[in-house]
Amino acid sequence: MQTSAVDTETTLNVASTAAIAHHDEHPDFRIFGMIMFLLAESMIFLGLFAAYLTFRAVSTLPEDQMPELELLLPGINTLILISSSFIIHKAEDSIKENDIQGVQKWFGISAVLGVIFWRVSCLNTAT
Amino acid sequence: MTQAIAENLPSSAPPPEQGHHSPTTWRTFFSFSEDHKVIGIQYLVTSFVFYLIGGALAVGVRAELATPEVDFVSRELYNQLFTVHATVMIFLWIVPAGTGGFGNYLLPLMIGARDMAFPKLNAVAFWMIPPAGVLLIGSFLVEAPGSGWTSYPPLSLVNGQVGEMCWIVSVLLLGTSSILGAVNFSTTILKMRRPGLQLTQMPLFCWAMLSASALILISTPVLAGALILLSFDLMLGTNFFNPAGGGEPVVYQHMFWFYSHPAVYIMILPVFGMISDILPVHARKPIFGYKAIAYSSLAISFLGLIVWAHHMFTSGTPPWLRMFFMVATMIIAVPTGIKVFSWVATIWGGKIRLNSAMLFSMGFVSMFVVGGLSGVMVASVPFDIHVHDTYFIVAHLHYVLFGGSVFGLYAGIYHWYPKMVGRMLNETWGKIHFVLTFVGFNLCFMPMHWLGLQGMPRRVAEYDPQFATVNLICTIGSFLLAISTLPFIFNAVWCWVKGEKAPNNPWNALSLEWQTESPPIPTNWVGEPPLITDPYAYGTKSGRKSIGAIRGSDLWAAKS
Amino acid sequence: MNIPTTILTLIAGVAITLLSLWLGQNNHLLPIAATDNAASVDGLFNAMLAISVGLFCLVQGLIVIAAIKFRQRPGDETDGPPIHGNIPLEILWTAIPAVLVLGISVYSFEIYNQMGGLDPMNHSGHIKPAAQIAMQPESMTSGLLAASGPEASGDAAPQPNFAAGVGAKPGEMAPADMTVKVMGLQYAWLFTYPDTGAISGELHIPVGKDIELDISAQDVLHAFWVPQFRLKQDAIPGKTTQLRFVTSVPGTYPIVCAELCGSYHGAMRTQVIVHTPEDYELWQQSQLALLEGVGDPQAIALASVSAASKTDSEFLEPFAEAMSMDMTPEMIHQIHAS
């Protein structure tokens, strides 16, 4: 196995660099792969939702004793969780643009949301 | 030409790492190698070791069943033996060998890629398997799981926490590994094909892997969901599946089989693909009905997702649901039949080389047909009510998974061993291996049909003495099966070291993986891989020409 | 010597057809059919077997003939003819299996309907849990079987959950002639006869009567299977599943647990005795006499197996010997305690 210093980025006449380039010469498919992985993982939740609906459907509890799905507090927390990724994404963008204030702002918002999330979780488990 | 390619490159492509270019030694196979060929062989050897362990457990099971009484092992140990046997064979042998082993080794070679789309992820996926396997097998030292590989609650909730948790964690790890592998396979097939290679020009194995990957991605996470809920019930005292606390055990069965029925297709689809690629080579004829075989893989993949409740015809499911799943299950016979008839038509009229790879392939078709036909029978609700959870099912599933998947895996090993190792396997030993396996297999599993019909339930350590003789025959068959692995192991190990050197294309095959060295260099090809638009062009002049004449560079230039 | 291929093919086709049809009728693979519906299921099985044998012989024959006729001759390194496909042929072998499975589906549907599998199962006789819990034998059984399962916990219990099994024949509106409660527990079956209040470890039923089994489980999943009836139904804790059938042949048949239920799963067997009407009358009389004499179903159950004075180890002996065993409540307690 010979090695060579030829830059694979600029020349892909593979015949001359064959022995070096191993698996680095293809476009970046990480986004594609990640989307596929996320689709797969969403099946976990699809399965759990289906199970939840079935549990409700076959439950022997009388109508009035059936526990209601809590919507308000978990809903707020879900919103916080989802928005947090956008906020961190904004913060990252700011880092790339050397915008210190922007970073502070977005991290600050993120911290505030974190505290709210924690408080809501406490409330939720307490009840 | 170079520009056209360079445009596709990400600006931050990492520089080639030096570590990968040292020659492949035995040490490489114990390293965190990112070479798909190394990983493929790692998968194959690891899963084969687990196959031997799972086989040893099966011999334990059969030894216990040699007599109607409980005399060889205790009842508890017996339940653990068949539980771990099934889990090992499914999650640590057929799935990793079929998808992980052959998928990793062959896919990039077949589509003209230099590696998988995500080499690091690939290595991570492989290295999740040994710890999961050790955890599962190691549980025998403490307390092995004993609720069957289905692990139905409430039994799995009362059978011992330690063993059950070992099982859950192990299966979760293996499932994750399988999902990561599937992400890799599907991205590689869809995105990494050599420029100019159409989907409908790929070898059929790639189609099969695409279908299997789709199944893994859709169904495996649901099993993960079920196992997470089960572990909550087990460890945290929730009552999702525990009827004593108002839970619903049947929901677990639905979630479990939503994965575990597709799992059957995850185990058989790659083997379908391998057989479609092996038969034309040794029969010297083009595959019969390429598109029908390719699309029937997708059809099986889709139908495989909507038939799971046929495992639950006696679980108190509503009547309309049973009828729906019965019809859906029966329909799967159609795409499967297309494949079988196409294979037969492929070898019909050829110039058949009756070597070990071909014998195992033909054995595969024969045995799989038996499993497929009994599969249609058990799809019928009134009949399934009689044979569900009996030895008829045991016979059926082994005809599909042993007579099907395992015969196919053996065929694949005999066929691609020269490419992987660079040495030929010994044909005489191969044929001895085939005969022993074929006889042992049928001796072991054919009589089980009768046992089930007559009234022997599965998963029992003791049984009605009227079944003693037939069970003894099955046990003898299983011992023969155990012995049949010896010539194979001897052959594979001996030829790895001392076998006759293999030429680059010993079978004179047309598909892309044979148009390189044996074993291939780390970059798979010197220069661009050739473009093969018809990997099955046996007997045609153009097919012959396309390989020698058209070099990859021609097409790359044309594209720019 | 030189017979045309068409004639050979025709002969082979006829031979395979005859073989399949003969095997479909004379396979003797199933045990005797002791209910009316079991015979119908056998008919379905025989039809499917005939089709399977035919298809198997076809495929296997082609493979074997190909292996012999088209094997590589020494020195022949050429390829076979480049045939890539044949659309009419492919349509044919897509259509034939499609028609076959459709036919089998319709046939199965018919048989299943005839068996009562499509009965929505919630017919009038069924939703009366409160009344039954209040009834004498029922509540005593419950007390006997250690508190577990919704039926055992008295009036606070949630409404029992019904799941489908095999119900009444289509058009049959009347309740069954006789109902038996079946309880599966590790590792025995317990049968309660609401008509008399008797409890037994074996199932006694009269021949020719419309029998309904209400199947439940106490601890884990079990499955009630009588091979000779071709009937199987999971016993699920917290639910009641139903099997309804009419027996046709008196005799003694095994009852087998078909769902893995623990280490003694293989030993969880008992038998069903299908009596002639006179014999059943006698058996019922003996049970009634016992009931009057002792007035306690638990004692009856004990008496019926005459094992009341055994020690723990003696009780567990049947497990070790494994094959047929009867059940007493005390054994249940012991197994649960151990």
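The values are calculated or read from the model by the stated rules, or taken from the named source; none is laboratory data. This is a predicted model, so every value here is computed, not measured. When we count neighbours, we look across all protein chains shown, and the Cβ atoms used for this are built from the backbone with ideal geometry, even at glycine. These accessible areas exclude ligands, DNA and RNA; they are computed on the full protein's heavy atoms, side chains included. Shrake-Rupley method; radii C 1.70, N 1.55, O 1.52, S 1.80 Å.
Positive end of the dipole of segment A:70-127, charges at C-beta (+1 Lys, Arg; -1 Asp, Glu), about the Cα centre: which of A:Phe86, A:Cys122, A:Leu72 has its Cα farthest in that direction?
So the residue furthest toward the plus end is A:Cys122.
I want to check a number: in chain B, how many lysine pairs have alpha carbons closer than 18 Å, given a sequence separation of 8 or more or different chains?
Lysine pairs meeting both conditions in chain B amount to 12.
For segment B:293-413, what is the accessible area per residue in Å² when the probe is 1.4 Å?
19 Å²
For segment B:77-90, what does the Karplus curve 6.51 cos²θ - 1.76 cosθ + 1.60, with θ = phi - 60°, yield as ³J(HN,Hα) per residue in whole Hz, taken in order and with x for Gly and Pro?
3J(HN,Hα) across segment B:77-90, in whole Hz: 5, 4, 4, 5, 4, 6, 5, 6, 3, 5, 4, 5, 5, 7.
Can you give the log10 of the normalised intensity I(q)/I(0) at q = 0.21, 0.22 Å⁻¹, computed with Debye over equal Cα scatterers of segment B:64-176?
One equal scatterer on each Cα of segment B:64-176 leads to -1.08, -1.14.
Looking at segment B:283-310, which residues lose a minimum of 40 Å² of accessible area between their chain alone and all protein chains in place, measuring with a 1.4 Å probe and not counting ligands or nucleic acids?
Correct list: B:Lys285, B:Pro286, B:Phe288.
For the pair C and B, how large is the buried accessible area, both sides, in square angstrom to the nearest 100, if the probe is 1.4 Å?
Buried area between the two chains comes out at roughly 7300 Å².
Measure nothing but the geometry: give the 0 to 90° angle between the long axis through the Cα atoms of B:427-454 and the longest principal axis through the Cα atoms of chain B, rounded to 10°.
30 degrees
Would you tell me the accessible area of C:Met178, worked out with a 1.4 angstrom probe on the heavy atoms of the protein chains, in Å² to the nearest 10?
We get 20 Å² for C:Met178.
Put simply, what bits of segment A:41-75 lose 40 Å² or more of accessible area when the other protein chains are there, versus the chain on its own (1.4 Å probe)?
A:Met43, A:Ile44, A:Leu48, A:Phe55, A:Val58, A:Thr60
Chains B and A: what accessible area do they bury, summed, in square angstrom to the nearest 100, with a 1.4 Å probe?
Chain pair B/A: roughly 3800 Å² of buried accessible area.
May I ask you to derive the relative contact order of segment A:70-127, considering only C-alpha pairs under 8 Å and at least 6 residues apart, and to give it as an integer percent?
Taking the mean separation of contacting Cα pairs over the length of segment A:70-127, I get 43 percent.
When only Cα pairs under 8 Å and 6 or more residues apart are kept, what is the percent relative contact order across chain B?
16 percent
What residues of segment C:257-275 lose no less than 30 Å² of accessible area with every protein chain in place versus their chain by itself (probe 1.4 Å, heavy atoms only)?
Flagged in segment C:257-275: C:Ala258, C:Glu259, C:Leu260, C:Ser263, C:Tyr264, C:His265, C:Gly266, C:Arg269.
Nearest 500 deg cm²/dmol is fine: what mean residue ellipticity at 222 nm does chain B get from its DSSP H runs of n ≥ 4 alone, each adding -39,500 (n - 2.57), divided by its residue count? Provide the component values of the computation, followed by the final result.
On the way: 21 runs with 357 residues, N = 560.
Computed mean residue ellipticity for chain B: -21500 deg cm²/dmol.
Computed from the mean reciprocal separation of all distinct C-alpha pairs, what Kirkwood hydrodynamic radius does segment B:33-559 have, in Å?
Computed over Cα pairs of segment B:33-559, the Kirkwood hydrodynamic radius comes out at 23.5 Å.
Hey, what's segment A:70-127 come to in accessible area per residue, 1.4 Å probe, Å²?
Numbers: 4360 Å² over 58 residues.
Computed with neighbouring chains in place, this is 75 Å² per residue.
What is segment B:386-481's relative contact order, in percent, from Cα pairs under 8 angstrom and six or more apart in sequence?
Dividing the mean separation by the residue count of segment B:386-481 yields 44 percent.
For segment B:33-559, with all protein chains present and a 1.4 Å probe, just round the carbon and sulfur fraction of the accessible area to a whole percent.
71 percent
Viscosity 1.567 mPa s, temperature 4 °C: give me the Stokes-Einstein translational D for segment B:25-102 in µm²/s, with Rh taken as the Kirkwood radius over C-alpha pairs.
Details: Rh = 13.8 Å.
D, rounded to a whole number, is 94 µm²/s.
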